[in-house]
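Trainee: Let me give you the structure first, and then I'll get to my questions.
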Amino acid sequence: SSTTLRILANMPSRTIGRSRGAIIAQYYNRTARLRCRNSRPPLQQLNCSARPSLRQYDLETDPIRATLEDKRSLLVKELLSLSPSQRSHMLLTVPLSLSEKSALRKELSGQRDPLRQRSYHQAASSPCGGFKDHIVLVRSAQRLLGAPVQAPAPVPTRLRLLQGCRGLWYRLLSRLAAAHPWHYALKQIGGRFGSSVLSYFLFLKTLLMFNFFSLLILLVFVVALQAAYPPALASPQPFTGLELLTGAGHFTQSLLYYGYYSNTTLNNRCTSSPGGSKCPLAAPRLPYNMPLAYVFSVGVSFVVTCILLVYSMSRSFGESYRVGSSTGDVAVKVFCAWDFKVVQRRSVKLQCENICTQLKELLAEKRSRCRSRSLCQCLRHCTVLLLAWVLSLGTVLGCVLAVHYFSGHMHTQQQEAILLVLPLVVSFLNALMPHLYNVLAVWEKQESPVAQLYVAMCRNLIMKMVVLALLCYQWLSRRVACSTEECWETCVGQELYRFVVMDFIFTLLDTLFGELVWRLILEKRLKRKQKPEFDIARNVLELIYGQTLTWLGILFAPLLPAVQTLKLLLLFYIKKTSLMQNCQSPSKPWQASHMSTVFITLLCFPSFLGASIFLSYAIWSARPSETCGPFRGMETIYESGKTWVQLLEKSNPNITWFTWAHQHLVENSFILFFMAGVLLAVIYFNIQVVRGQRRIIRLLREQIANEGEDKTFLIQKLHSVYEQRER
């Protein structure tokens, strides 16, 4: 009612002189009300629960004085008191139309003093633009007056260059966000299919970054230098084309695998002869030890990947579990989500789809929280879940037995085409089992899409990790199809290459038959307008599985990250095209606010941790091949570091401190356990701090809700008092 609005208008927080933003907001509300007078009801007809705003300030002022011109002059005076940078920022952020902003700028520029106006004009123009405007002004003045006019003193060249560089830097910063890889494609996917499908493509982009850094380190310090100093090997086999699938044949003696790399100093000028070794007087200044570079490059790539993983996980955790839950996000999306800077028709349509999808996700999440079950329904649901888990674990056991059977028969075969049988069987099982788990999910009838996704990912992850653990055990126990003259490390690298290639082929086949062919069957044969949904759990687990294979093979095939990078690039465009043409939005919209964190966590602990354990055992305990590779003739790969430290100590006795540091800091296992304990303690304290912050946030939310109830109670009391006085 008008009485309540009059009370609210007299509150101290609603006073017009409190802030500059209040003046601008009142001016904007006044103009918006005049613009929408025909469609908007008067304020006296609004409900009592309507949120008060600054437009009620007119009720206590004189309508003759409170005109639009007075408020406009008040706004201009307030803006004139600001600095030029604050004034421009205020005009950019104020919610006014472009014509009103332009009129305000003209009025402000006319009332500014000449010195400030000249400096503002010089700061806003580029170096070439200022010089050009200077010439145009001089010529126009000469043409109008008919006489030569003395031009004002030009701006110094250094100042113009500085201003131009600063303007160019600001323009580059403003366009930096749009220069990110697949910027518009990701916005299009998120607007059309929601944050759940978008999380898959963001995860693929993160994996691409990991592989790029690993490939860069290995390419610079190992592959490029070995290519510059190739070893003397036998003539390679002819290329037949089958090597692209098997990785053997012509690729065996290449930079792709471990056995090609030498165990000597690459730029050493000493040459061996029957009479002994001959070395020139000018020895190389920077000898490059390939075994040491090989093991250190692999170690550094893993350390960099670990740092990037921890950073990505912490950043994703901070974004996912930020202040509070999504209880008030609906109002924020409705009233504050639109970007008024968007003017293109295509961008406007994309933003509309994005906001609509986000509202569907929020409403579906709230609706799922309100449902409840009876005791009988809970017991029946738990029984179904138990049976489904028993069936899923039974299928995992069957897959492990099948892989063990095929791998046992593969060790006696040496034909190149038969080498594809084991990767074919494993990839077929990885493609078949997710569909069986989807059938179990339909039987379980999970109401929450998030819970359904977590269950599917857990089952797929158990199956893939158990099969990979069995394969790693067989690789480290030398149970690979390899001839006696070949390196077992090269054979393991070829096996992992075949697994990566076969996984990519089955991903393409699943995309073709599971999305394209199924859409055509639904549309042409069954005459339905329904399209298949994008299976997030299966596709994400395929990415984690492929990345795990890459990390497992980085020691045995240094160029395997290049193969994985090419695979991820092709997968992005293939999956995006198939998603746009063959898939539909999720039938149950849901908000994937925590999915990126879950994906990074699964990539870190089962995948990266398992690969680190596998490679640590291969470096510290496994015996290298005797005839090939950079570590031939050594007991372990780790021994190369100890040998290099001993040679360094013998060549220069002044650096005995380095030997002491290596012995007590690197070889001593207590330091590793101490660092691991410190890391776990830091993680534990951070978790406790986050829990405490979330608890404080929950208490503050309760306090805000209580204060809102108090305000409602006080407003009702004031309203009753004013009504009694009027009566």
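The values are calculated or read from the model by the stated rules, or taken from the named source; none is laboratory data. Since the structure is predicted, the reported quantities are computational estimates derived from the model, not experimental observations. Quick reminder, even Gly has a Cβ in these numbers, built from the backbone with ideal geometry, and neighbours come from all protein chains shown. Ligands, DNA and RNA are stripped out before the accessible areas are found, and what is left, the full protein with its side chains, is counted by its heavy atoms. Shrake-Rupley method; radii C 1.70, N 1.55, O 1.52, S 1.80 Å.
Trainee: Being at pLDDT 75 or above, farther than 30 Å from Ser427 by Cβ, among the polar types (S, T, N, Q) and open to solvent by 70 Å² or more (accessible area, probe 1.4 Å) narrows it down to one residue among Thr264, Thr271; which is it?
Mentor: Answer to the check: Thr264.
Trainee: Only residues that are modelled with pLDDT under 80 and open to solvent by 20 Å² or more (accessible area, probe 1.4 Å): list them for segment 464-480, please.
Mentor: Passing the criteria: Arg478, Arg479.
Trainee: A further question follows. Can you tell me which condition His719 does not meet? The list is (1) within 30 Å of Ala557 (Cα to Cα); (2) in contact with a helix residue (DSSP H, G or I) (Cβ under 7 Å, 6 or more places away or on another chain); (3) surrounded by 13 or more Cβ atoms within 10 Å (Cβ to Cβ), and all the others hold.
Mentor: With (1) within 30 Å of Ala557 (Cα to Cα); (2) in contact with a helix residue (DSSP H, G or I) (Cβ under 7 Å, 6 or more places away or on another chain); (3) surrounded by 13 or more Cβ atoms within 10 Å (Cβ to Cβ) applied to His719, the lone miss is (1).
Trainee: Just give me the residues in segment 535-554 being open to solvent by less than 20 Å² (accessible area, probe 1.4 Å), farther than 19 Å from Val501 by Cβ and part of a loop (DSSP other than H, G, I, E, B), in sequence order.
Mentor: Passing the criteria: none in range.
Trainee: Could you give me the residue pairs with C-beta distances under 9 Å whose first residue belongs to segment 659-676 and is in a helix (DSSP H, G or I), whose second residue is of a type in the set (Gly, Ala, Ser) wherever it lies, and which are 6+ apart or on separate chains?
Mentor: Between residues of segment 659-676 that are in a helix (DSSP H, G or I) and residues that are of a type in the set (Gly, Ala, Ser), the close pairs are His662/Gly641; Val666/Gly641.
Trainee: Does at least one position in segment 190-206 carry a residue that is surrounded by 17 or more Cβ atoms within 10 Å (Cβ to Cβ), of a type in the set (Lys, Arg) and over 22 Å from Leu496 (Cβ atoms)?
Mentor: The answer is yes; a qualifying residue exists.
Trainee: Here are the criteria: (1) at pLDDT below 90; (2) among the aromatic types (Phe, Trp, Tyr); (3) open to solvent by less than 10 Å² (accessible area, probe 1.4 Å). Tell me which single one Phe499 does not satisfy.
Mentor: Phe499 satisfies every listed condition except (1).
Trainee: Condition first: closer than 18 Å to Thr511 by Cβ and touching a residue at least 60 places away in the same chain (Cβ under 8 Å). Now tell me which residues in segment 425-434 satisfy that.
Mentor: Scanning segment 425-434 gives Ser427, Phe428, Asn430, Ala431, Pro434.
Trainee: I've got another one for you. Only one of Lys650, Lys642 is exposed (fewer than 10 other Cβ atoms within 10 Å of the Cβ) and part of a helix (DSSP H, G or I); which?
Mentor: The unique qualifying residue is Lys650.
Trainee: Further question: How many residues are open to solvent by 20 Å² or more (accessible area, probe 1.4 Å) and assigned to a helix (DSSP H, G or I) when one looks only at segment 591-603?
Mentor: 4
Trainee: What residue, among those in segment 613-637 that are part of a helix (DSSP H, G or I) and open to solvent by 30 Å² or more (accessible area, probe 1.4 Å), is nearest to Thr548 (Cα to Cα)?
Mentor: Only one residue tops the list, namely Ile613.
Trainee: Within the set of pairs 6 or more residues apart or between chains, which connect a residue that is outside any loop (DSSP other than H, G, I, E, B) inside segment 282-309 to a residue that is open to solvent by 40 Å² or more (accessible area, probe 1.4 Å) and modelled with pLDDT of 90 or more with Cβ atoms less than 6 Å apart?
Mentor: Pairs found: Ala293/Phe221; Ser297/Phe221; Val304/Phe213.
Trainee: Let me ask another. Using beta carbons and a limit of 7 Å, which pairs, at least six apart or on different chains, have the first residue in segment 680-705 and closer than 22 Å to Arg315 by Cβ and in a helix (DSSP H, G or I) and the second one at pLDDT 80 or above and not basic (Lys, Arg)?
Mentor: Nothing qualifies.
Trainee: Which of the following residues is at pLDDT below 75, closer than 17 Å to Ser448 by Cα and exposed (fewer than 15 other Cβ atoms within 10 Å of the Cβ): Cys370, Cys382?
Mentor: Cys370
Trainee: Just give me the residues in segment 562-600 being among the polar types (S, T, N, Q) and modelled with pLDDT of 95 or more, in sequence order.
Mentor: Gln564, Thr565
Trainee: Just one of Leu461, Leu375, Leu387, Leu436 is crowded, with 17+ Cβ neighbours inside 10 Å and either out of contact with any Gly (no Cβ under 9 Å at 6 or more places or on another chain) or not hydrophobic (A, V, I, L, M, F, W, C) (or both); which is it?
Mentor: Leu461 is the lone residue from the list that is crowded, with 17+ Cβ neighbours inside 10 Å and either out of contact with any Gly (no Cβ under 9 Å at 6 or more places or on another chain) or not hydrophobic (A, V, I, L, M, F, W, C) (or both).
Residue-wise test of (1) loosely packed, with under 14 Cβ neighbours inside 10 Å; (2) out of contact with any strand residue (DSSP E or B) (no Cβ under 9 Å at 6 or more places or on another chain); (3) at pLDDT 75 or above.
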{"position": "Val298", "(1), (2), (3)": "no, yes, yes"}
{"position": "Val303", "(1), (2), (3)": "yes, yes, yes"}
{"position": "Ile307", "(1), (2), (3)": "yes, yes, yes"}
{"position": "Val310", "(1), (2), (3)": "no, yes, yes"}
{"position": "Arg315", "(1), (2), (3)": "yes, yes, yes"}
{"position": "Gly318", "(1), (2), (3)": "yes, yes, no"}
{"position": "Val323", "(1), (2), (3)": "yes, yes, no"}
{"position": "Gly328", "(1), (2), (3)": "yes, yes, no"}
{"position": "Leu359", "(1), (2), (3)": "no, yes, yes"}
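Trainee: Here's a check for you: in segment 333-354, which residue that is open to solvent by 80 Å² or more (accessible area, probe 1.4 Å) and modelled with pLDDT of 75 or more is nearest to Gly191 (Cα to Cα)?
Mentor: Ranking the qualifying residues of segment 333-354, first place goes to Lys349.
Trainee: Out of contact with any helix residue (DSSP H, G or I) (no Cβ under 9 Å at 6 or more places or on another chain), more than 23 Å from Ser477 (Cβ to Cβ), in a helix (DSSP H, G or I) and without any contact (Cβ under 8 Å) to a residue 24 or more places away in the chain, is that true of Gln377?
Mentor: yes
Trainee: Which residue is nearest to Gly493 (Cα to Cα), if the candidates are limited to segment 623-671 and must be hydrophobic (A, V, I, L, M, F, W, C) and touching a Phe, Trp or Tyr at 6+ places or on another chain (Cβ under 9 Å)?
Mentor: Here the residue is Cys628.
Trainee: OK, next. Mind checking whether some residue in segment 165-177 is out of contact with any Ser or Thr (no Cβ under 7 Å at 6 or more places or on another chain), of a type in the set (Phe, Trp, Tyr) and modelled with pLDDT of 80 or more?
Mentor: no
Trainee: Take Lys642 and tell me if it is free of Cβ contacts under 8 Å to residues at least 60 places away in the same chain, in contact with an Asp or Glu (Cβ under 8 Å, 6 or more places away or on another chain) and over 27 Å from Gln358 (Cα atoms).
Mentor: Criteria met by Lys642.
Trainee: If you take the residues of segment 439-454 that are open to solvent by 30 Å² or more (accessible area, probe 1.4 Å) and in a helix (DSSP H, G or I), which of them is farthest from Ser195 (Cα to Cα)?
Mentor: Among those residues, the one meeting the criterion is Trp443.
Trainee: Tell me, please, whether a residue that is in contact with a Phe, Trp or Tyr (Cβ under 9 Å, 6 or more places away or on another chain) and modelled with pLDDT of 75 or more can be found in segment 673-696.
Mentor: yes
Trainee: Which of the residues spanning segment 106-130 are modelled with pLDDT of 75 or more and either open to solvent by less than 50 Å² (accessible area, probe 1.4 Å) or under 26 Å from Leu161 (Cα atoms) (or both)?
Mentor: Within segment 106-130, Leu108, Ser109 meet the criteria.
Trainee: Let me ask you something else. Collect the residues in segment 235-248 that are over 13 Å from Glu495 (Cβ atoms) and either open to solvent by 80 Å² or more (accessible area, probe 1.4 Å) or β-branched (Val, Ile, Thr) (or both), keeping them in residue-number order.
Mentor: Ser235, Gln237, Pro238, Phe239, Thr240, Leu244
Trainee: Just checking, which of Arg538, Arg519, Arg478 is out of contact with any strand residue (DSSP E or B) (no Cβ under 6 Å at 6 or more places or on another chain) and either farther than 20 Å from Tyr200 by Cβ or β-branched (Val, Ile, Thr) (or both)?
Mentor: Arg478
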